[in-house]
1. Copy-to-copy spacing for residue A:172, label 7 Å out on the Cα-to-C-beta vector, in nm, shortest first?
2. Does any residue of region B:162-182 lose at least 50 Å² of accessible area with all protein chains in place compared with its chain alone, and if so which ones (probe 1.4 Å)?
3. Note down the nm distance, to one decimal, between modelled labels 7 Å out along Cα→Cβ at residue B:80 and at residue B:176.
4. What order do B:107, B:173, A:99 take when sorted by accessible area (1.4 Å probe), most exposed first?
5. Output, in nm with one decimal and in ascending order, the distances from the residue A:59 label point to the matching label points of the other copies (7 Å from Cα along Cα-to-Cβ).
6. Give the relative contact order (percent, whole number) for chain B; include only Cα pairs under 8 Å separated by 6+ residues.
7. Rounded to the nearest 100 Å², what is the sum over both chains of accessible area buried where B meets A, with a probe of 1.4 Å?
8. Can you give the extra length, in nm with one decimal, that the chain gains between residue B:184 and residue B:137 once fully stretched, where that is 0.36 nm per residue apart less the Cα-Cα distance?
Number of protein chains: 2
Amino acid sequence: METVTTEEKIIRAADKLFTQKGYAATRTRDIAEEAGTNLALLNYYFGSKEKLFKYVVQGKLKMLLGAMGPALSDEHISLEDKISLITENYTNLLLENEELPIFILNELTVNRELFAKITQNTRQIAQPVLEKQLKERGVEISTTDLIINTLSMTLFPFIAKPLITSSGLVKEEEFVKFVTDRKKKIIEWIIKITI
Amino acid sequence: METVTTEEKIIRAADKLFTQKGYAATRTRDIAEEAGTNLALLNYYFGSKEKLFKYVVQGKLKMLLGAMGPALSDEHISLEDKISLITENYTNLLLENEELPIFILNELTVNRELFAKITQNTRQIAQPVLEKQLKERGVEISTTDLIINTLSMTLFPFIAKPLITSSGLVKEEEFVKFVTDRKKKIIEWIIKITI
DNA sequence: ATTTGATTTAATCATTTGTTTAAATTGAAA
DNA sequence: TTTCAATTTAAACAAATGATTAAATCAAAT
């Protein structure tokens, strides 16, 4: 049997509720109840709701950026394979964490300072390599447009899922197939655009 | 001089704060203060915080869908012009209302039922016309992919603006130029993909 | 000028919410 | 077994928050 410490139980409960409802709408009492512990333990272990939130957010953000960083900055991975890796990694990640992007982007809007440091690193390493690879190909598209187009087409269906499904564009039960099929298409589209 | 009723002042204040901070984080007292009125007037005119919120959301949602609906269902507008209209309309709309998409998508995640009715209409009218136009062209892409790709590339920069700017991909002061320049590019890209 | 209904104000209520406190319990070390 | 720190519990506190009330003010109609 796996033993889960009280601290870990609180983290998991907080993760679930914060991601689901956002910071402001989540009650410390609900976290405690979800964790099956006492309300006071939240402050005993983490000091405050806000500190617990930051802990959770840091983890989520690393998750989100971790799916992109390493692939981008490797010189030995071709442009095609990079696009491929990004769409593949993100699609898989978001299939397991559908609320992740909206959660991050929403809290990011309110709490911008919190994120600046973590995000900058990734780009500064990745961008020069990408630019070099694009130049070698004699491509007219900018690195920025390439990255944003890839992320757009990959992430948008997850971000806009409630709009897409409730409008009937894609049925709820077909969603997984829809984004899975898109993985291959996106690479083709990006290549058509880029070359 | 323009005369603004108290009711209108409350709506504008609520609009601003709800869009900026979301439902849960917005305090009725802040709305009253922002409107320059008394707290009790909010309940006098709208009954409750929730009713006021729904009023605001309905307006925002119509705004968002209104930028797409009419263009799509018109048989006399060519495919190119439709893509063109959507990116043009949305880019302009979101330049004036940058927080709009994240606000809608976030609240939509929590409050799904509220939106179902309004969104369904738009698609049911538009999709058949689009499908016909695509078939006439002998194009292999699906209507769904076409719509989602166009929306992705147009909306994503606004949705992910905090991530894009704080990561340094696009500088805050260059953002307007960036999305404005993208308008033309998106149309070219979509055509490359579609044809 | 008076009346009447709509609007506004100030004060208060009841509940929720994040946090703290002090006592109880547990479990390992001496 | 005793001791002692770490952990857990139950209760309470103070502030914040959505809502309500009753009185005051205003503006138009009579």
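1. Output for residue A:172: 4.1 nm, nearest copy listed first.
2. Buried on complex formation: B:162, B:163, B:166, B:167, B:169.
3. Those two pseudo-labels are separated by 3.0 nm.
4. Numbers: B:107 20, B:173 145, A:99 80 Å².
Descending order: B:173, A:99, B:107.
5. With the label placed 7 Å along Cα→Cβ, residue A:59 yields 4.0 nm.
6. Details: 147 pairs, mean separation 42.8, N = 195.
Computed value for chain B: 22 percent relative contact order.
7. Working: alone 11630 and 11610 Å², together 18910 Å².
What B and A bury together is about 4300 Å².
8. Values: separation 47, 0.36 × 47 = 16.92 nm, distance 2.17 nm.
So the extension gain works out to 14.7 nm.
The values are calculated or read from the model by the stated rules, or taken from the named source; none is laboratory data. As the structure is a computational prediction, the values presented were derived from the model and not from experiment. Reconstructed Cβ throughout: ideal geometry from the backbone, glycine too, with neighbour counts over all protein chains shown. Remember, those area values only see protein heavy atoms, side chains included, never the ligands or the DNA or RNA. Shrake-Rupley method; radii C 1.70, N 1.55, O 1.52, S 1.80 Å.
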